[in-house]
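S.K.: Dropping the structure in here first, questions after.
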Amino acid sequence: MNTHRGILIICELAGNSVHRVSFELLNKAMELKERLHEPVDCLLLGPSGKDLNELNLRGADTVYYMQSPVFKNPEEYLFKENITRFIKQHKPGIVLTGATSFGRSLAPRIAAALRTGLTADCTDLKIDEDGNFIQIRPAFSDNILAHINTVTYPKMATVRYKEFEEAQIDSSKKINIVEIEPYVSFFEKSQVIDIFSEESIDISEAEIIVAAGRGIRKKEDLKMIEELAAKLGGTVGASRALVDAGMVKSTRQVGYSGNRVKPKVYVACGISGAPQHLAGMKESEIIVAINSDPSAPIFSVADYGYVGDIYEIVPALIRDLP
Ligand code: FAD
């Protein structure tokens, strides 16, 4: 008999605060709760002194706070070990994680340890007429929406960031934070990740992105993209072509198999606009495309288009922009 019950959200820290994807997951979990009638709880691993009241005020019934200085940096082995043991003890029916860089790396390890299924990068979740938890995600390059019902427990899903609205704050909600000791504070295979390194940047948070594609001929030429990004107060993104070529780290990849971004301004430099790239950036508020081919598909989603050579236009923008 299935003894798993409730929805557990594995929360994440972004600097000193709770990552906003947790608030989005709470919103969706509350919607699921209306049909499931089971509790929605949060679990956060972090160093002491974090204010987690907002998780309760936005709908969590119980917030479990596993505190230790060892959780200062996100570290997959240690986090996996502790979360897996928590889940084995508490037996939630559904486990949700944000499809952030860390969430994408952590969730499969937990699922494998629990010998359960995981649906990655969901864009929607629902409870069907029979009470099944249905996980919805694009498949075959966004051509179909797959509806997935996992048969093992807990049912695990990662959900894309900025897919749902955040749960609203209700200040009348009860604060219920349960502090718990870590099960494990040291793991032999632990590796320290320097979260302050430049490459750990979360480009899905960026408000301005200047992205480079195969129009860039060699790594050194990315300097002008970096300069334009700096001038605009933004960060550098890239198409998969440049990631595959080893010119840019995968943390900066925009698209279907990279990051989904929604910046205020997205400048695409030498990017053709393949469906897999558009899937990650077409929701940007303003899209500027620079491409020498006037028939490039990127122009179909662009608000402003420059037909021309990035090697002329980008330096001119750097020179002329105030
Ligand atoms: P190209 O398609 O080669 O385009 C280069 C563009 O640069 C051309 O339009 C050309 O006109 C222009 N250009 C060349 N020189 C200049 C110049 N000097 N000045 C101006 N313009 C110039 N792609 C992603 O980006 N993100 C993903 O997450 C992603 N996921 C994928 C997942 C799957 C399962 C698959 C099958 C593919 C995925 N792809 C992804 C790859 C995608 O299909 C494209 O191959 C890729 O986006 C192409 O990158 P690009 O636009 O930089 O290169």
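The values are calculated or read from the model by the stated rules, or taken from the named source; none is laboratory data. A quick note: this is a predicted structure, and the numbers were derived from the prediction, not measured. We place every Cβ from the backbone using ideal geometry, glycine too, and count neighbours over all the protein chains shown. Surface areas here come from the heavy atoms of the whole protein model, side chains and all, with no ligands, DNA or RNA. Shrake-Rupley method; radii C 1.70, N 1.55, O 1.52, S 1.80 Å.
S.K.: Reachable aspartates and glutamates from Lys91, Cα under 16 Å, same-chain residues fewer than 8 places away excluded?
M.R.: Hits, sequence-local ones excluded: Glu38, Asp41, Asp61, Glu81.
S.K.: I would also like to ask the following. Tell me what the chain gives for mean residue ellipticity at 222 nm when only DSSP H runs of n ≥ 4 count, each as -39,500 (n - 2.57), the sum divided by the residue total, rounded to 500 deg cm²/dmol. Walk me through the numbers before you get to the answer.
M.R.: Values: 8 runs with 85 residues, N = 322.
Result for the chain: -8000 deg cm²/dmol, rounded to the nearest 500.
S.K.: Related question: Which sequence of Phe102, Phe186 reflects their accessible areas, 1.4 Å probe, from the largest down? Don't skip to the answer; put the middle values down first.
M.R.: Numbers: Phe102 30, Phe186 155 Å².
Output order, biggest surface exposure first: Phe186, Phe102.
S.K.: Straight distance only, please: which aspartates and glutamates reach the Cα of Lys218 with their own Cα at less than 16 Å, same-chain residues fewer than 8 apart left out?
M.R.: Result set, ordered by chain and number: Glu226, Glu227, Asp244, Asp309, Glu312.
S.K.: All other residues with a Cβ under 13 Å from the Cβ of Leu222 taken together, and with Lys, Arg as +1 and Asp, Glu as -1, what is their net charge? Before the final figure, lay out each step's value.
M.R.: Values: positive: Arg214, Arg217, Lys218, Lys219, Lys223, Lys249, Arg252; negative: Glu220, Asp221, Glu226, Glu227.
Surrounding charge for Leu222 is +3.
S.K.: For region 198-320, what class follows from the C-alpha gyration tensor (a ≥ b ≥ c being the square roots of its eigenvalues): rounded when a/c is under 1.5, otherwise prolate if a/b is larger than b/c, else oblate? If you can, show how the numbers build up before the last one.
M.R.: Working: a/c = 1.22, a/b = 1.09, b/c = 1.13.
Judged from the Cα gyration tensor, region 198-320 comes out rounded (a/c under 1.5).
S.K.: Additional query: Got the relative contact order for the chain handy, in percent, Cα pairs under 8 Å and 6 or more residues apart? Could you put the intermediate results ahead of the total?
M.R.: Details: 681 pairs, mean separation 48.3, N = 322.
Value for the chain: 15 percent.
S.K.: For a quick protection proxy, order the peptides 144-151, 46-53 by their average other-Cβ count within 10 Å, most packed first. Write out the running numbers ahead of the final one.
M.R.: On the way: 144-151: 13.0, 46-53: 14.5.
My ranking of the peptides, most packed first, is 46-53, 144-151.
S.K.: I'd like the orientation of helix 101-114 relative to the chain: the angle between its Cα long axis and the longest Cα principal axis, in ° from 0 to 90, rounded to 10.
M.R.: Helix 101-114 sits roughly 40 degrees off the main axis of the chain.
S.K.: Hey, can you find the accessible area per residue of region 198-320 for me, probe 1.4 Å, expressed in square angstrom? The partial results should precede the final answer.
M.R.: Values: 5830 Å² over 123 residues.
With the other protein chains kept in place, region 198-320 gives 47 Å² per residue.
S.K.: Rounded to the nearest 10 degrees, what's the angle between the helix 310-320 long axis and the longest principal axis of the chain, both from Cα atoms, 0 to 90?
M.R.: Helix 310-320 and the main axis of the chain meet at about 90 degrees.
S.K.: Ignoring any ligand, DNA or RNA, what whole percent of the accessible area of the chain comes from carbon and sulfur when the probe is 1.4 angstrom?
M.R.: Values: 7830 of 15590 Å².
Of all accessible area on the chain, carbon and sulfur atoms account for 50 percent.
S.K.: Which residue, chosen from Ala167, Asn16, Ile148, occupies the Cα position most advanced towards the positive end of the dipole of region 7-180, where the dipole is computed from +1 (Lys, Arg) and -1 (Asp, Glu) charges on Cβ about the Cα centre?
M.R.: Going by the Cα projections, it comes out as Asn16.
S.K.: Can you tell me which of 73-79, 5-11, 17-23 comes out highest on packing, and rank the rest after it, using the mean Cβ neighbours within 10 Å? Write out the running numbers ahead of the final one.
M.R.: Numbers: 73-79: 19.6, 5-11: 24.7, 17-23: 21.1.
Put in order of decreasing packing, that is 5-11, 17-23, 73-79.
S.K.: Filter the cross-link list Lys155/Lys264; Lys50/Lys219; Lys126/Lys174; Lys28/Lys223; Lys72/Lys282 down to pairs whose alpha-carbon distance in this structure exceeds 32 Å. The partial results should precede the final answer.
M.R.: Values: Lys155/Lys264 35 Å; Lys50/Lys219 41 Å; Lys126/Lys174 26 Å; Lys28/Lys223 41 Å; Lys72/Lys282 34 Å.
As for pairs spanning more than 32 Å Cα to Cα, those are Lys155/Lys264; Lys50/Lys219; Lys28/Lys223; Lys72/Lys282.
S.K.: Something else about it: Residue farthest toward the positive end of the dipole of the chain, with Cβ of Lys/Arg at +1 and Asp/Glu at -1: which of Ile287, Tyr64, Gly233?
M.R.: In the chain, that residue is Tyr64.
S.K.: Quick one: work out the % antiparallel among DSSP beta bridges in the chain, nearest 5. Please report the intermediate quantities before stating the final value.
M.R.: Numbers: 11 of 57 bridges.
Antiparallel bridges: around 20 percent, rounded to the nearest 5.
S.K.: Separate question: With a sphere of radius 15 Å drawn around the Cβ of Arg5, what net charge do the other residues whose Cβ falls strictly inside it have (Lys, Arg +1; Asp, Glu -1)? Walk me through the numbers before you get to the answer.
M.R.: Values: positive: Lys33, Arg35, Lys88, Lys91, Lys155; negative: Glu38, Asp41, Asp61.
Result for the neighbourhood of Arg5: +2.
S.K.: Taking the Cβ of Thr84 as the centre, find all other residues whose Cβ is under 11 Å away and add up their charges (Lys, Arg: +1; Asp, Glu: -1). Working shown, then result.
M.R.: Values: positive: Lys80, Arg85, Lys88, Arg109, Arg115; negative: Glu81.
Net charge in that neighbourhood comes out at +4.
S.K.: Under a Cβ-only charge scheme (Lys and Arg +1, Asp and Glu -1), can you give me the dipole magnitude of region 7-180 about the Cα centre, in debye to the nearest 20? Write out the running numbers ahead of the final one.
M.R.: Numbers: 21 positive and 23 negative charges, 103 e Å.
My answer is approximately 500 debye.
S.K.: Additional query: Considering only protein heavy atoms, what per residue accessible area in square angstrom results for region 7-180 with a 1.4 angstrom probe? Write out the running numbers ahead of the final one.
M.R.: Working: 7470 Å² over 174 residues.
Per residue, region 7-180 has an accessible area of 43 Å².
S.K.: Sticking with this structure for a sec: Would you compute, for the Cα atoms of the chain, the largest minus smallest coordinate along each principal axis and list the three values in descending order, in whole Å?
M.R.: Extents along the principal axes: 64, 44, 40 Å.
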